[in-house]
Structure formats: structure tokens, C-alpha cells
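Asker: Dropping a structure here in C-alpha cells format, bear with me for questions.
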Amino acid sequence: MKYVQSAKNPQVKQWKKLQTKKERENSGTYIVEGFHLVEEALKYKGVVQEILVKEGVDLPSSWNMDEVSVIALSEDAAKAVSATETSQGVFAVCQQNQIGDLELQGKTFLMLDEVQDPGNLGTIIRTADAAGIDVIVLGEGTADLYNPKVLRSAQGSHFHLPIIKGNLSSWIDRLRTEEIPVYGTALENSAAYHTVNSTDSFALILGNEGNGVSPSILDSTDQNLYVPIYGKSESLNVAIAAGILMYHLKKAQ
């Protein structure tokens, strides 16, 4: 097993750079941190390139690491790589998903228009996974899928379903040709979500935390929905609204 001691080692510096969107895009790789996320990554062949482990930390014997190199890090090196304050000392360098638009098939779609908070995006992905959504499309201005905070909030769900960047207007046109109803979310010119029946196929669009879905997108949907607020709160968190809407629209299997 290779051992890296210095936090100033060029490899450590490169791994640390993967905390930035620019380097993740340039390299096509990203880092997941913690036992749960690394274990999830290992379930998918070809995803994990390297496993990094802090000295003194034992890796589970049940993990299948036959084709993956394992590198031991000193405490200082592991601290430099970590994006958390209380690191478990285990990391995986992973290959980004390379799914193309034309390969994506499904009946239920979630599309996000400038959802910028990484914690919200990760929670939405995790909830979409639980609700059985087939495909997630990240519109322009949405937080980076491989942001460390997104990955932690998603809890491994980004491995479980296809998630791609895409032009939402183009996707709406495509879904229309497939006769899949497209629902936007808005407070005006919209219907309460519970007035719409659950269905086998749909696309749901959620928008920016402050501004909502862009007007041009809302103009091209089949119908726009809102979640009623019965108390004194001014608004719902977008991730909470996403969960309510997805579970309502998704027809029970």
C-alpha cells in the first residue's frame, strides 16, 4: 500500500483541488468522503479510481477493492483532503457520470431550475430517489452535483439514478412529444397540488430558492402547481415542497 505523509505532496494538493468545481470539471473526477458514501460508490463498477484512508483507520473487510488502489495518508495529509470538520478518514476518488441525454429513458422526471443551495439539492436528490423518480435534470444555474455538501446531503442517492445537466426548455419539448405532462411550481396562475391526480408519468419543475421557476419555463408547462400554506410561514423550503409534490404526483406502485 502506498503511503503519503506530507500535506504538501503534489497528489494531496490535486485531491484537495477536487473540492473546487473547476477542477472537478477539468478532471472529470470528484471525491466522496465517509464510510457510507465510499461503500455506495464501490457497488458500481468503474466508479472508484482510488481509495484514500487515514493511517490507523481500518477499512471493512466486506468491501470489494480488488481492482482499486488504496493509498494510506498521514493525519496531516488526510486533514488537507477532507472537506468536513469531523472526518472519518476515508475517501474515494470517483469518475463522474457520463450519461448522455439520448440514453435517458423513464416515465417520471424531476427538473431543477437554478436551485443553488447545495444542501437543498442533495436533499432533493435523496428524496427523488426515495420517491422512485426515474431521471433528474439539472438546469443552468443549479448547484454542482459533485459539490461536497451536495454529496453529503444526497447520502449516496446520486449513484442510484441518472442525473444530468440539461436545457430545461429542450427537455420540455422532448417530454411533450412523448406525451408526458409537465408541471411547474408557482404561486400565481397555478392550482393547489392536491387538485391534480397521481399519474404513471409526469415531469415536475422546481426553481430557485428566492425567485422560483423562471417565467419563460412556467409559460411552457402544461400546468403549474403550488403547495398551500395553512399557517403563518411565508414559504416552504424548496426541498420540502419537492418531497410533497413528488410523493403526491407519483402513482403508487
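Asker: From the list ALA92, ALA192, ALA128, ALA143, exactly one residue is in contact with a Pro (Cβ under 8 Å, 6 or more places away or on another chain), more than 17 Å from THR221 (Cβ to Cβ), among the hydrophobic types (A, V, I, L, M, F, W, C) and in contact (Cβ under 8 Å) with a residue 24 or more places away in the chain. Which is it?
Answerer: The unique qualifying residue is ALA143.
Asker: Working only within segment 222-253, note down all residues that are out of contact with any Pro (no Cβ under 9 Å at 6 or more places or on another chain), in contact (Cβ under 8 Å) with a residue 40 or more places away in the chain and not aliphatic (A, V, I, L, M).
Answerer: Once the filter is applied, which keeps residues that are out of contact with any Pro (no Cβ under 9 Å at 6 or more places or on another chain), in contact (Cβ under 8 Å) with a residue 40 or more places away in the chain and not aliphatic (A, V, I, L, M), segment 222-253 yields ASN224, TYR226, ASN237, GLY243, TYR247, HIS248, LYS250, LYS251, GLN253.
Asker: To continue, here is another question. So, GLY139, is that one in contact with a strand residue (DSSP E or B) (Cβ under 9 Å, 6 or more places away or on another chain), under 22 Å from GLY184 (Cα atoms) and surrounded by fewer than 18 Cβ atoms within 10 Å (Cβ to Cβ) or not?
Answerer: Against the criterion (in contact with a strand residue (DSSP E or B) (Cβ under 9 Å, 6 or more places away or on another chain), under 22 Å from GLY184 (Cα atoms) and surrounded by fewer than 18 Cβ atoms within 10 Å (Cβ to Cβ)), GLY139 does not qualify.
Asker: Tell me, which residue of segment 97-126 that is surrounded by fewer than 17 Cβ atoms within 10 Å (Cβ to Cβ) and at pLDDT 95 or above is nearest to SER170 (Cα to Cα)?
Answerer: Step by step, filter segment 97-126, then rank; the result is GLN116.
Asker: Could we say that LEU110 is in contact with a Leu (Cβ under 7 Å, 6 or more places away or on another chain) and assigned to a loop (DSSP other than H, G, I, E, B) here?
Answerer: no
Asker: Right, next: Looking only at segment 220-237, count every residue that is out of contact with any Gly (no Cβ under 8 Å at 6 or more places or on another chain) and surrounded by 11 or more Cβ atoms within 10 Å (Cβ to Cβ) and tell me the total.
Answerer: 8
Asker: Okay, next question. Testing MET246 on (1) out of contact with any His (no Cβ under 7 Å at 6 or more places or on another chain); (2) surrounded by fewer than 19 Cβ atoms within 10 Å (Cβ to Cβ), one condition comes back false. Which one is that?
Answerer: Exception for MET246: condition (2).
Asker: May I ask you to verify whether LEU206 is part of a strand (DSSP E or B) and in the same structural domain as LEU121 (by TED's automatic domain parsing)?
Answerer: Considered against the rule, which asks whether it is part of a strand (DSSP E or B) and in the same structural domain as LEU121 (by TED's automatic domain parsing), LEU206 comes out as yes.
Asker: Is there a residue in segment 149-161 that is in contact (Cβ under 8 Å) with a residue 24 or more places away in the chain, out of contact with any helix residue (DSSP H, G or I) (no Cβ under 7 Å at 6 or more places or on another chain) and either acidic (Asp, Glu) or buried (at least 17 other Cβ atoms within 10 Å of the Cβ) (or both)?
Answerer: No, the conditions are met nowhere in segment 149-161.
Asker: Can you tell me which condition SER201 does not meet? The list is (1) hydroxyl-bearing (Ser, Thr, Tyr); (2) at pLDDT below 95; (3) within 20 Å of ASP173 (Cα to Cα), and all the others hold.
Answerer: Unmet for SER201, out of (1) hydroxyl-bearing (Ser, Thr, Tyr); (2) at pLDDT below 95; (3) within 20 Å of ASP173 (Cα to Cα): (2).
Asker: Another one. LYS149 versus (1) closer than 29 Å to THR20 by Cα; (2) assigned to a strand (DSSP E or B): which is the lone unmet condition?
Answerer: Going through the list (1) closer than 29 Å to THR20 by Cα; (2) assigned to a strand (DSSP E or B), LYS149 breaks only (2).
Asker: Related question: Can you find even one residue in segment 65-80 that is touching a residue at least 40 places away in the same chain (Cβ under 8 Å), part of a loop (DSSP other than H, G, I, E, B), of a type outside the set (Ser, Thr, Tyr) and surrounded by 17 or more Cβ atoms within 10 Å (Cβ to Cβ)?
Answerer: For segment 65-80, residues touching a residue at least 40 places away in the same chain (Cβ under 8 Å), part of a loop (DSSP other than H, G, I, E, B), of a type outside the set (Ser, Thr, Tyr) and surrounded by 17 or more Cβ atoms within 10 Å (Cβ to Cβ): absent.
Asker: Further, regarding this structure: Are any residues in segment 175-185 touching a helix residue (DSSP H, G or I) at 6+ places or on another chain (Cβ under 8 Å) and within 14 Å of VAL135 (Cβ to Cβ), and if so, which ones?
Answerer: VAL182
The values are calculated or read from the model by the stated rules, or taken from the named source; none is laboratory data. It should be emphasised that the depicted structure is a prediction, and the values quoted were computed from it without experimental measurement. Cβ sites come from the backbone with ideal geometry, for glycine too, and all protein chains shown count toward neighbours.
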